[in-house]
Amino acid sequence: MKKTADKIREYVENVVNMLSAALFLLLFVIGLYAILDIHAVNISAKMDEEMQNMAPDDAQTVDIAQLKKVNPEIIAWIHIDNTKINYPVVQAKNNTKYLTRNYRGEYATAGSIFLDYRNNSFNDDFSLVYGHRMDGLDMFGGISLFEEKDYFDQHPAGKLYTEEGIYDLEISDFSVIDINRASIYDHDGNRNGQNDKVISEVRLFSKQNRDIEMDKNSKIIVLSTCDKDSRHYRNVILAKMTKRD
């Protein structure tokens, strides 16, 4: 009887050990997959060497015509000075295509920086540009840094390179916007001549601000990305656009 009980106990212990080993292996595989998936997402946010060579610096501008050979839907390049926000801007016939496609139009989890499809390129008074918030500060991940006053104060400007010319960007506000209370994403009503509404709304939610003169006739741009804490909020930068002569 005792031998039978010992055999049963040994059998149960073996089963428990095998189940424990299987569970450990499963958790290991899941963890490895998660790490590889995060790595793949981060890699998808990086530009390849060809595109990096087209990026602007202090000594050069951007050849939009050359960029269009890579993808005809590339319409501009945006660079916020001294940040990782330094990317081509694409525009499609909807706002979903480039959520999961890179600047070449290839599948990429990190997506692209893209202009709202309802904009007439950057010819409207108000332009709305989207990008994913990446943990490594790629794409529009760096927008969240503007919530800190020191960072906001140290990064006041940027540039937008378009087919029509170069625009200097003066950053006036960083805001965390409740999309349930915001109308700036209802873009059809805010394109031209009504920028006072956009400016007022962004400043209603403003966390950081500098005194830059703007009114409904100013040319402005809003950069928008998801908030790290809530899907109902967006982190946005508001900037004034001034075309160079």
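Any read-out appearing in this document is the output of simple, stated calculations on the displayed coordinates, not a laboratory observation. This is a predicted model, so every value here is computed, not measured. Note that each Cβ is placed from the backbone with ideal geometry, even for glycine, and that neighbours are counted across all protein chains shown.
Report, by chain and number, residues whose modeled amide H sits under 5 Å from the one on His155, excluding near sequence neighbours (fewer than 5 apart, same chain).
For His155, whose amide H was placed from the backbone, there are no distant partners under 5 Å.
Given H placed 1.01 Å from N in the peptide plane, which residues other than close sequence neighbours of Val89 have an amide H under 5 Å from its amide H?
Placed amide hydrogens put Ile75, Ala76, Trp77, Ile78 under 5 Å from Val89.
For Lys216, what residues show an amide H to amide H distance below 5 Å, using hydrogens built from the backbone and excluding near sequence neighbours?
It is Asp196, by chain and number.
For the range 100-115, take each phi angle, set θ = phi - 60°, evaluate the Karplus expression 6.51 cos²θ - 1.76 cosθ + 1.60, and give the result in whole Hz per residue in order, putting x for glycine and proline.
Ordered by residue, 3J(HN,Hα) equals 10, 9, 8, 5, 8, x, 8, 4, 7, 4, 6, x, 9, 8, 9, 8 Hz.
Figure the gain on full extension for Tyr107 and Arg231 (residue separation times 0.36 nm, minus the Cα-Cα span) and round it to one decimal in nm.
Values: separation 124, 0.36 × 124 = 44.64 nm, distance 2.33 nm.
Contour length minus the Cα-Cα distance gives 42.3 nm.
Relative to 2.2 N^0.38 Å, what does the C-alpha radius of gyration of the range 150-194 come to as a ratio? Two decimals please.
Numbers: Rg = 14.2 Å, N = 45, 2.2 N^0.38 = 9.3 Å.
Ratio of Cα Rg to 2.2 N^0.38 Å: 1.52.
As an exercise, identify the chymotrypsin sites (Phe, Trp or Tyr not before Pro) in the range 91-136 lying in DSSP coil whose Cβ has no more than 11 other Cβ atoms within 10 Å. Intermediate results must be reported in sequence, preceding the final value.
Numbers: sites: Tyr98, Tyr103, Tyr107, Phe114, Tyr117, Phe122, Phe126, Tyr130; in loops: Tyr103, Tyr117, Phe122.
In loop regions of the range 91-136 (DSSP not H, G, I, E or B), there are no sparsely surrounded chymotrypsin sites (Phe, Trp or Tyr not before Pro).
Could you give the length gained on full extension between Asp211 and Asn94, defined as 0.36 nm per residue of separation minus the Cα-Cα distance, in nm?
Working it through step by step, the gained length comes to 38.7 nm.
Given Cα positions, please report Rg to Rh for the range 51-243, the hydrodynamic radius being the Kirkwood one. Intermediate values should be presented prior to the final figure.
Working: Rg = 15.3 Å, Rh = 16.6 Å.
Ratio of gyration radius to Kirkwood radius for the range 51-243: 0.93.
Select from the range 150-199 those GluC sites (Glu not before Pro) which occupy a DSSP coil region and have at most 16 other Cβ atoms within 10 Å, ordered by residue number.
Sites meeting the loop and neighbour criteria: Glu163, Glu164.
How much of the DSSP bridge set in the range 51-243 is antiparallel, in percent, rounded to the nearest 5?
Bridges in the range 51-243 that DSSP calls antiparallel: roughly 85 percent.
Are there any trypsin sites (Lys or Arg not before Pro) in the range 185-243 that are in a DSSP loop and have at most 13 other Cβ atoms within 10 Å? List them by number.
Answer in residue order: Arg210, Lys228, Arg231.
What pairs from Lys93/Lys216; Lys159/Lys216; Lys197/Lys243; Lys149/Lys219; Lys46/Lys207; Lys68/Lys93 go past 19 Å between their alpha carbons?
Flagged as over cut-off: Lys93/Lys216; Lys159/Lys216; Lys197/Lys243; Lys149/Lys219; Lys46/Lys207.
Considering only the other residues whose Cβ falls under 13 Å of the Cβ of Lys97, what net charge follows from Lys and Arg at +1 and Asp and Glu at -1?
Net charge in that neighbourhood comes out at 0.
What's the extension gain from Asn82 to Arg203 if we count 0.36 nm per residue and subtract their Cα-Cα distance?
41.1 nm
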